[in-house]
1. If you compute mean projected area of the Cα convex hull in nm² for the structure shown, which of [x] 11.2; [y] 11.8; [z] 10.4 do you land on?
2. Rounded to the nearest 5, what % of the DSSP beta bridges within the stretch 17-180 are antiparallel ones?
3. Using DSSP to call loops (not H, G, I, E or B), can you name the trypsin sites (Lys or Arg not before Pro) in the stretch 119-159 whose Cβ has at most 10 other Cβ atoms within 10 angstrom?
4. Looking at the chain, identify the longest residue range that excludes and avoids all chymotrypsin sites (Phe, Trp or Tyr not before Pro) in DSSP loops having at most 14 other Cβ atoms within 10 Å.
5. How would you rank T153, T67, T72, going from fewest to most other Cβ atoms within 10 Å of each one's own Cβ?
6. For L174, what is the net charge nearby, where nearby means another residue's Cβ is under 12 Å from its Cβ and Lys, Arg count +1, Asp, Glu -1?
7. Around T72, what is the net charge, scoring Lys/Arg as +1 and Asp/Glu as -1 over all other residues with Cβ under 11 Å from its Cβ?
8. What residue among G108, N78, V125 has its Cα farthest toward the positive end of the dipole of the stretch 17-180, where the charges are +1 on Lys, Arg and -1 on Asp, Glu, each on the Cβ?
Amino acid sequence: MKLDEQLLNGTASDGAQTTKDIYFAGGCFWGTEHFFKQIEGVVLTEVGFANGHTENPSYKEVYTDTTGFAETVLVRFNPGVVSLEFLLQMFFKAIDPTSLNKQGHDEGTRYRTGVYYTDPADLPVIEKVFAEEQKNYEQPMVVEKLPLQNFYTAEEYHQDYLDKNPDGYCHLPLSLFEFARKARENK
């Protein structure tokens, strides 16, 4: 197996786990995906819909706000390069954690914020970062922290949207992408 395939599949040649997955809902997934793609150690991103109550929804269906899904980005990362804690800290730089169902000009339950995990061992790290971040706000944070119930990949035209459409709509300022590109974890 080639190194690129090993990274994408999350395994080393000896079968050991080399990557981890975490799911971030940060408003419109175009900007959230582009933000995380800038961070060193992120090896794959995929936009889709998480924690809803229908099977394999389309973007059009999710847009109605009747499916319970949040626009979400799967972030696969190499924990030898970047930690979950650092990714969570970066996530909080890209959202308003006190805004319910609204990020930037985008409103609706599909734009809610959340961190969805598949490994219960990640929960203590998630809770630690949430507690640290809450100290920065007088209002309570409304960011979900839940196990991932389901995730459906969005249509192809949504994948890498801002790479394909550099002048496309984004709720995040361009300066935030540059910040993410330059950010390094202090280990």
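Any read-out appearing in this document is the output of simple, stated calculations on the displayed coordinates, not a laboratory observation. None of the values given here were measured: they were computed from a predicted structure. Every residue, glycine as well, gets a Cβ built from its backbone with ideal geometry; the counts of neighbours run over all protein chains shown.
1. Read-out taken from this structure: [x].
2. Values: 22 of 26 bridges.
If we restrict to bridges inside the stretch 17-180, about 85 percent are antiparallel.
3. When the trypsin sites (Lys or Arg not before Pro) of the stretch 119-159 are filtered for loop state and at most 10 Cβ neighbours within 10 Å, K135 remain.
4. Details: sites that count: Y137, Y169.
Excluding the exposed sites themselves, the longest stretch runs over 1-136.
5. On the way: T153 13, T67 19, T72 29.
Sorted ascending by nearby Cβ count, the order is T153, T67, T72.
6. Details: positive: R181; negative: D167, E178.
Within the 12 Å Cβ shell, the charges total -1.
7. Numbers: positive: R110, R112; negative: E33, E46, E71, E144.
Combined, the nearby Lys, Arg, Asp and Glu give -2.
8. V125
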